[in-house]
Amino acid sequence: MKKKDNSATGSWKLDNNQISSAVKNSCHPDLKMFLAALSFAYFAKALSGSYMKSTITQLERRFDISSYLIGIIDGSFEVGNLLVIAFVSYFGAKLHRPKIIAIGCILMSFGTFLIAMPHFIIGRYKIETSVRSSGNSTNSLSPCPVSSPESIRAGDRPSILPSKGCVRESSVSMWIYVFLGNVLRGIGETPVQPLGISYIDDYAQSENAALYIGCVQTISIIGPVFGYLLGSLCAKIYVDIGYVDMETVTITPADARWVGAWWLGYLITGTITLMSAVPFWFLAKSLPIPVDKHDTSCTPEQTRFIKGSPTMEHKFRPEEPANLHQMAKDFLPALKSLLGNPVYIIYLCVTIIQFNSLIGMVTYKTKYIEQHYGQSASKANFLMGMINIPAVALGMFSGGVVMKKYKLGIMGAAKFAFGTSLLGYFLSLFFFAMGCDNSKVAGITVSYTGVEGLPHQERSLFSDCNSDCLCSGREWDPVCGENGITYMSPCLAGCTSSSGSGRNTVFDNCRCVAAANTQPGNLTVSLGQCPRGDSCEKIFPYFLALSVLSSFIISLGGTPGYVLLIRFIKPELKSLALGIHTLATRTLAGIPAPIYFGAVIDTTCLKWGYKLCGGRGACRIYNTAAYRIVYLGLVLGLRTVSFFFCIFGFAVFKRHIKREEKSALTNGNAEMESLRKEENSSTHCEQFVVALDCSPDRETRL
């Protein structure tokens, strides 16, 4: 019998040293190359994705749109995923996975270039200001016009027809190109995650898979570090740099009207994404299968051997031609089997709710820092990239190390992920206590006499101190008085004269400043909003410290939670499970979360800007207290709901594990008997076989 089996397996003669060598060679060189290529692809997609997040305020101001529309643009990335992810995940797993990932990277780069295109076809950015540039600094300009037809601005009279240039600029909504480019980015990103992770899990040893996935996820977190740093750099550069004289620009990066060179970062990230596609073209469709992933319950009749030299220490999956008809026929039964798993369904519910919280928080976090703590877009992006994101990367990596070191089982990984999420939740509650007061803006948050708590009404923008001036209630050209109050424009501050030009312009004899002064003082105002109070500056460092700590703790459970997904799914359904998971989170979290977060944030706006041609533009100032409540309330409220699903999920999960253990005990004796027969019939079968559908109902275990 033994002689017959040896002839069936070819001429392989392997001793114990060769078997030991095969066990030690746990990471094939091609797998290392794939890990490096996938890490670079993850870095590139995370770089462009995080840069997109860092430019939301720049896009709002450049295209004069609300946070709600920004949410639609941000969610368009997930729309691209929705179009193709289920098919790419299922059919892509049967085809050449590395080359499909390469095609996706190329599509991502083209989409990124398309986002930058509007800058080159739209006109120059026009700043809403009453300051005139003049070569003579002694030239006086009155910001308080009297009732004359020449002084009436188009924004004060809806009946006045827009100019010809206005019609030309508004004929096409340029943000549509950003929307379409982001859709193309989403389509290109689709194969990277499900095909890349399943490829690693197929060809890496089980004990190392968690660490490898943790490393890849960590690299993907490093991408946002550079993405936000790039966003910080570009936000400092004026949008039309090289086309305008910077001496004529009267605003600073801290101004609500400032727009940075948002387009420049998209050109850089698009080039990097294009480069990430190159290595995948040179990788093989399949790699050597690790020894520990051979199914020893298979009989010799159920295995296929690869003939080769006596020194061959690995075996490969047989290269069979793809049968698209058979794959399409098996798709619906596979989907039915996957969705019939109650543990998988509960896992989806938990992650969808938590992703709603996470995506909404990350999308508008830099905006929250800008509006709540009075920081510039450049500084907010810098802090996100240098402080917050590294904490997340360290947490993701540490979670993978914990998985490997303590050899956490499925239930252990679930408990660890739940515990870190719950601890991070309790820490995040302290954010509610770290609030700042509203900026003092005359006619919006305070009265012209300095009384706070003023309800916003259109008539409150005007007072006796500026009644002699024909001022616009729509104009946003803030100036800061010596009394610490910001006025919407020099005209509404009641200023009657000015001196200097450009950024050095000073407005004098401002009657509204005198109305708010309890004692005589300087009646001048300078360009820009007044800085926040000292109390807000003192709170901000504590906000950053708590943000870093909570982000680190929550991200500790990221890798265990992700590995949990691929460990309780049948091997043949693994790629489909990852694809459906990504599809569900992108569809039910990635698309709606930025939209409804943006819509709720828009309700806290106190002063909207107006477009040159009429119509509402971007928000200029928010109600700080209301912004904090709705933003943090949504983030933590969604997490609260997810915890109820977690508790229910643990109960179902325990029953599932007990059922599997009972089944394993029942079949244990039969498997051991089969194993003994294999050892007697072929000593090398156990280490060098390819299992072909020998136990389709078995599920992988951690």
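The values are calculated or read from the model by the stated rules, or taken from the named source; none is laboratory data. This is a predicted model, so every value here is computed, not measured. Don't worry about glycine lacking a Cβ; one is built from the backbone with ideal geometry, like all the others, and counts go over all protein chains shown. With ligands, DNA and RNA removed, areas are computed over all heavy atoms of the protein, side chains included. Shrake-Rupley method; radii C 1.70, N 1.55, O 1.52, S 1.80 Å.
Quick notes on this one:
- Applying the Kirkwood pairwise sum to the alpha-carbon positions of the stretch 392-476 produces a hydrodynamic radius of 18.1 angstrom.
- Spatial offset of the stretch 56-75 relative to the stretch 380-415 amounts to 31 Å, using the alpha carbon center of each.
- Hull shadow area, averaged, the stretch 521-583 [alpha-carbon convex hull, nm²]: 8.4
- Probe 1.4 Å, accessible area per residue of the stretch 533-579, Å²: 34
- Against the rule of thumb 2.2 N^0.38 Å, how large the Cα Rg of the stretch 514-653 comes out: 1.62
- Using the alpha carbons alone, the radius of gyration of the stretch 60-126 stands to its Kirkwood radius in an Rg to Rh ratio of 1.12.
- The stretch 202-266, relative contact order [Cα under 8 Å, separation at least 6], %: 34
- Heavy-atom accessible area for Asp437, with the other protein chains in place and a 1.4 Å probe, reaches approximately 120 Å².
- Label point of Leu335 set 7 angstrom out along Cα-Cβ; within the stretch 571-595, amide nitrogens under 15 Å from it belong to 576-584.
- Largest first, the three principal axis extents of the alpha carbons in the stretch 578-637 are 46, 30, 10 Å in whole numbers.
- Carbon plus sulfur fraction of accessible area for the stretch 468-559, probe 1.4 Å, in percent: 53
- For Tyr487, the accessible area of its heavy atoms, probed at 1.4 Å with every protein chain present, is near 0 square angstrom.
- Cα centroid separation, the stretch 248-276 to the stretch 619-668 (Å): 37
- Unsatisfied cross-links (Cα-Cα over 24 Å) in the set Lys285/Lys405; Lys367/Lys440; Lys407/Lys570; Lys53/Lys415; Lys574/Lys658: Lys285/Lys405; Lys53/Lys415
- Surface listing: Trp281, Trp263 arranged by accessible area from highest to lowest gives Trp281, Trp263, probe 1.4 Å.
- Met33 accessible area, assembled protein chains, probe 1.4 Å, Å²: 90
- Taken over the C-alpha atoms, the stretch 612-651 has Rg and Dmax values of 18.1, 59 angstrom.
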